[in-house]
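Note sheet for the following structure.
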Amino acid sequence: MASVTAEDIKSELDTFNIAFNNDTVDKMLEQCLCHRLKGDEIVFEWFAFSSSKGQVPLTLDNLDQFEHEMLYKKKKPKGSSKGSQFNKTRDINSIQELIRAEEEEESMLDSYSTPAKGSQKRALTTPEHPQSKRGVARLTSPSLLLSPASFSPSATPSQKYGMRGGRGEVVSSFGAVQGPRWMGKGQSSVRVEMLEEGENSLISSYKYMFQRLRDVRDVLTEKIEELGEELRSHFNIEEFSAVSLPVQDSITVLGQVCCDSNGKLNAQSVLLEAGQEQGGRQVPVDLSELKEFSLFPGQVVVMEGMNTSGEKFVATKLYEGIPLPFHCPPEVKQEMDEVSEPVMVMMACGPYTPSESLTYDPLIDLITIINKDRPDVCILLGPFVDSKHEQIEKNQVTETFETIFKRCVDSIVEGTKGSGCRLVFVPSLRDVHHHYIYPQPPFNLSYLSKDDSVRVTLAPDPCTLLISNVTFGLTSTDILFHMGAEEISSGTGTERFSRIMKHMLTQRSYYPLYPPAEEVNMDYDKFQQFGQMNITPDILIVPSELRYFIKDVIGCVCVNPGRLTKGQVGGTYGRLLIQPNPVLVEGKRASPCIAGQVVKI
């Protein structure tokens, strides 16, 4: 299927003389992505829906209702569903082409727009005088410069990146900030540590590709039993019945959601796979009696309903998952009138180069911002050397991937030394030089000097960090994108991102989807040990190709800072201002005061 663009949808809407705005077009584009529709198809569906409701206007609320009443009820055609239809549902590349087309459109509009107020103080950038030269001047050693010619013989600065608009523009915000501007103190004394240490933390590489199917089964069974016991205790359920047992009374069952084929999950293809204690059988589930639901493959659920024949379970109630408690630090005596200093945390996710050039201008711009704003902690998530970059895929480089990565890291460490901020490096499955396994071990930067090592924290993917008694959950794997393509819902009244974040917190996992996306190589033995949440973090950082956001989900501040580059143009990064609350003598504390922003690079 050809990629759908915003212009396609706008053209079709104009054909029917339907009023729209950019938000509604973005929403319809997202629905095309998740439901595998063309631009004209979704407009036809909307026109039919609108006419049946008396010509309702095109709004975000009406689009949510349209999705629940029309798109989720569309049945997939039979026959070729296991052939060409399967390839369409699993074609991640086609979705990424859609994203790239949208980015090119955005960059074209930006080139004709007036820069935002926040960007007027910056020097004019042209291809002949790339902005990166200002950032290069801050680096302490010329040998550490990220010279494009040294990486690729044909490397030239990206013109579209240099001509981007809206630099420094705040595109999403959360909470309130005291004072006129965002500024940290560059406190290298701020404590950054792994919440779990020793054997409970992934600190080095490990052997993989020795996984047995029965080991995977054991991990999944244990997950079902653990979450089931928590739900049974919380909701005072006496016992779970076998899901395949034919009975005439209402029963309560426990199991894992799965799909009856290799295609995308829908309301007619839901199976419930019971744990070993409940027989281990798979039974189709009828969801028609549920007023609302949100399900995805791999989700552990408790359902109430009837199975009179033993062949199909008719669900009448779906129990909500239960999140873990927040982190409770050890008892520390502290005066109630003692106020902790606010901590500024900046975060950015790769790629750090435009898609058509292997120049690190966006990264050098980020280093300039770090030196100006002086955050206390800067969290940098991969990819640093992107395996999906065209020149990397074609091996059009003059140095090894490891050398490119080393020079990249050295430039960050040396370039931010004057700011005094702590640096956290998190790898990505797209880092071409690093282990391609999830959970992913941290980078090995043994060559760093002793002074530099004090400022640098090397974290695995995923991980839970403790920064000034505030917990951060991190994963660089695009779980939002993967779950967004698989999750189904009806009548929930909440938007997709909030539902996915809530699923992560209530399933207590950094990657609750099963089976995982094709690009994720999962080691389930290590995943059981290092990929689960031990507490509900105060802040959960989940960078994604999908639209940036920052929001509160059941008490946890969830942040998608976006990516530093989007195709050939600049992307976004995030920043948080945190006021840790005093720790009481009893060891209890209130939630920290958190404000956040997502900003254009």
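The values are calculated or read from the model by the stated rules, or taken from the named source; none is laboratory data. Nothing here was measured: the structure is a model prediction, and the numbers come from that model. Neighbour counts are summed over all protein chains in view; Cβ atoms, including those assigned to glycine, are modelled from backbone coordinates with ideal geometry. The area values use the complete protein model at the heavy-atom level, side chains included, leaving out ligands, DNA and RNA. Shrake-Rupley method; radii C 1.70, N 1.55, O 1.52, S 1.80 Å.
Odds and ends about this structure:
- Residue under evaluation T492, criteria (1) polar (S, T, N, Q); (2) part of a loop (DSSP other than H, G, I, E, B); (3) without any contact (Cβ under 8 Å) to a residue 40 or more places away in the chain, criterion not met: (3)
- Some residue of the stretch 518-526 being under 19 Å from C34 (Cα atoms), within 17 Å of the chain's Cα centre (by Cα) and open to solvent by 20 Å² or more (accessible area, probe 1.4 Å): yes
- Among residues of the stretch 385-406 being more than 10 Å from V432 (Cβ to Cβ), in a helix (DSSP H, G or I) and of a type outside the set (D, E), the one that is most open to solvent (accessible area, probe 1.4 Å) is K406.
- Flag if S411 is part of a helix (DSSP H, G or I) and among the polar types (S, T, N, Q): yes
- Residue within the stretch 413-425 that is over 27 Å from Q568 (Cα atoms), polar (S, T, N, Q), surrounded by 19 or more Cβ atoms within 10 Å (Cβ to Cβ) and within 26 Å of the chain's Cα centre (by Cα) present: no
- Near pairs, Cβ below 6 angstrom, 6+ apart or cross-chain, from the stretch 212-230 (open to solvent by 90 Å² or more (accessible area, probe 1.4 Å)) to any residue that is not in a helix (DSSP H, G or I) and not hydrophobic (A, V, I, L, M, F, W, C): none
- E277 open to solvent by 30 Å² or more (accessible area, probe 1.4 Å) and more than 25 Å from the chain's Cα centre (by Cα): yes
- Residue match in the stretch 6-25 (condition: open to solvent by 10 Å² or more (accessible area, probe 1.4 Å), closer than 13 Å to L63 by Cα and part of a helix (DSSP H, G or I)): yes
- Among the residues of the stretch 326-359, just one is surrounded by 20 or more Cβ atoms within 10 Å (Cβ to Cβ), of a type in the set (G, A, S) and at pLDDT below 90, namely S357.
- Among the residues of the stretch 146-172, the ones that are at pLDDT 85 or above, open to solvent by 50 Å² or more (accessible area, probe 1.4 Å) and either in contact with a Leu (Cβ under 9 Å, 6 or more places away or on another chain) or not in a loop (DSSP other than H, G, I, E, B) (or both) come to 2 in all.
- Among the candidates S269, S261, the residue that is over 21 Å from L324 (Cβ atoms) and in contact with an Asp or Glu (Cβ under 7 Å, 6 or more places away or on another chain) is uniquely S269.
- Residue match in the stretch 455-472 (condition: assigned to a helix (DSSP H, G or I), free of Cβ contacts under 8 Å to residues at least 40 places away in the same chain and out of contact with any Lys or Arg (no Cβ under 7 Å at 6 or more places or on another chain)): no
- Residue match in the stretch 441-452 (condition: part of a strand (DSSP E or B) and in contact with a Gly (Cβ under 9 Å, 6 or more places away or on another chain)): no
- Of the strands (runs of 3 or more DSSP E) lying entirely inside the stretch 543-600, not one contains at least 3 residues that are more than 24 Å from E341 (Cα to Cα) and modelled with pLDDT under 90.
- Test: residue in the stretch 71-81 that is assigned to a helix (DSSP H, G or I) and at pLDDT 80 or above: yes
- Residue satisfying all of: in the stretch 28-48; open to solvent by 30 Å² or more (accessible area, probe 1.4 Å) and either of a type in the set (G, A, S) or in a helix (DSSP H, G or I) (or both); modelled with the lowest pLDDT among these: H35
- On the stretch given as the stretch 242-257, residues that are assigned to a loop (DSSP other than H, G, I, E, B) and open to solvent by less than 30 Å² (accessible area, probe 1.4 Å) total 2.
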